[in-house]
Amino acid sequence: MIDAESLCEMIRKGGVITSVSGETLESLYADVVHKIAVPAGVSTEVLLSEMLEREKILSTAVGHGVAIPHPRKQLVADESDQRVCICFLEKPFDMHAPDKHAVSVLFVLLTSVAGSHLEILSAIASLLQKSEFKKILDTKPDEETLIGAVKQFW
């Protein structure tokens, strides 16, 4: 079971990135994969391809300006290499969210097994239900501020 500390450790590994941009979903995701720290053995080209393939199935936009993109297949071999990268977009991007709001924050998931993937999704969804946490996201916080918010609103 995932707890606040393990989610925070995954965010530390993934990092917080600002100023992500792109005019198309492909160029936006290309900017993401070239800025994030990918685990050893994960190719940025394969990661980009898998994220775009996943997006073709169904938008990863969950509403309220947030999307949770991830590769269609698990690319991370070791559970200790799992990570969550939070990306703040330079300008909102229409990802066809159910609430029609453009996306301004991406929680990029790189997980090793389906079970932990679902636990991480659930943990993020729970945090996003808290308006105070969303208000902090709107400020485009740095990594330590974001980690503090995760611990505070867990």
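A Cβ distance below 6 Å, combined with a sequence gap of six or more or placement on separate chains, defines the contacts here; from the stretch 13-38, residues that are in contact (Cβ under 8 Å) with a residue 40 or more places away in the chain reach residues that are open to solvent by 50 Å² or more (accessible area, probe 1.4 Å) and assigned to a helix (DSSP H, G or I) in the pairs 16/143; 17/35.
Here's the yes/no breakdown for (1) within 13 Å of the chain's Cα centre (by Cα); (2) of a type outside the set (Ser, Thr, Tyr); (3) surrounded by 17 or more Cβ atoms within 10 Å (Cβ to Cβ):
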residue	(1), (2), (3)
19	no, no, no
26	no, yes, no
30	no, yes, yes
56	no, yes, no
101	no, yes, no
109	yes, yes, yes
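Taken as a whole, the condition of being assigned to a helix (DSSP H, G or I) and closer than 24 Å to residue 128 by Cβ does not apply to residue 72.
Going by the structure shown, is residue 48 in a helix (DSSP H, G or I), without any contact (Cβ under 8 Å) to a residue 24 or more places away in the chain and open to solvent by less than 40 Å² (accessible area, probe 1.4 Å)?
Numbers: in a helix (DSSP H, G or I): yes; without any contact (Cβ under 8 Å) to a residue 24 or more places away in the chain: yes; open to solvent by less than 40 Å² (accessible area, probe 1.4 Å): yes.
Yes: the conditions hold for residue 48.
Rundown of residues vs (1) part of a helix (DSSP H, G or I); (2) over 13 Å from the mean Cα position of the chain (by Cα), yes/no style:
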site	(1), (2)
115	yes, yes
123	yes, no
132	yes, yes
140	no, yes
145	yes, yes
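The values are calculated or read from the model by the stated rules, or taken from the named source; none is laboratory data. Bear in mind that the values here come from a model prediction, so they are computed numbers and not experimental data. Cβ sites come from the backbone with ideal geometry, for glycine too, and all protein chains shown count toward neighbours. Only protein heavy atoms, including side chains, enter the accessible area calculation; ligands, DNA and RNA are left aside. Shrake-Rupley method; radii C 1.70, N 1.55, O 1.52, S 1.80 Å.
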